[in-house]
1. With Cβ to Cβ distances under 13 Å as the rule, what net charge do the other residues near Ala69 carry (K, R +1; D, E -1)?
2. Given DSSP loops and a limit of at most 16 other Cβ atoms within 10 Å, what is the longest stretch of the chain that contains no such GluC sites (Glu not before Pro)?
3. Taking the number of other C-beta atoms within 10 Å as the exposure measure, put Val43, Val147 in order starting with the fewest.
4. For q values of 0.20 Å⁻¹, compute log₁₀ I(q)/I(0) with the Debye formula on a Cα-only model of the range 17-150, without solvent.
5. Is it possible to state the helix-based mean residue ellipticity at 222 nm for the chain, with each DSSP H run of 4+ residues giving -39500 (n - 2.57), the sum divided by total residues, to the nearest 500 deg cm²/dmol? What is it?
6. For Trp83, list long-range residues whose amide hydrogen, built 1.01 Å from N in the peptide plane, is under 5 Å from its own amide hydrogen.
7. What percent do you get for the relative contact order of the range 17-150 when only Cα pairs under 8 Å and 6+ apart count?
8. For Leu33, Leu82, what ranking results if the residue with the fewest other Cβ atoms within 10 Å of its Cβ goes first?
Amino acid sequence: MAATKKTSTANGEKYDGFTEEERGAMKERAKELKASARRGPKVDPEVEVLAKIAEMSDSDRAIGERLHALIKANAPTLTPRLWYGMPAYARDGKIVCHFVCAGKFKTRYATFAFSDEANLDDGTMWPNSFALTELTAAAEKRIAALVKQAVS
């Protein structure tokens, strides 16, 4: 997440708090939890994920659409859903991997990350988050292999 910013209180004191983008992500997560607790007809979570991807900037949207297709093709058992307002993919309700577009926290690159639910363990240290500026054929091949391994 983005670094916290200094904010002034009414009496002029400074404190470290959440950025506006972080507060927005928390609000989105609260809405997601409320929506999942409601009874009645549910919206298809994949439709929500695709709608969120469609709202992204051109470069983020291109990456998000391609990641979605790669994950669906290489890990069809994962269920798309929103997580903190971003596309995520879950197994048995637990997030395995997720995408954070650069625009979400006004960063210079998007990220694709795996949670501890992913089967990526390799010794005592391994990568679980990747910066993405574009998806090349080589990057797609690596992501496909990691996603397959994550659900193995």
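Laboratory data are not the source of any read-out in this text; all were calculated from the coordinates shown. No experiment lies behind these values; they were computed from the predicted model shown. Every residue, glycine as well, gets a Cβ built from its backbone with ideal geometry; the counts of neighbours run over all protein chains shown.
1. 0
2. By the stated rule (loop sites, at most 16 other Cβ atoms within 10 Å), 56-116.
3. Fewest-to-most Cβ neighbours within 10 Å comes out as Val43, Val147.
4. -1.28
5. Estimated from H runs of four or more residues: -12500 deg cm²/dmol.
6. For Trp83, the qualifying residues are Ala88.
7. Taking the mean separation of contacting Cα pairs over the length of the range 17-150, I get 21 percent.
8. Leu33, Leu82
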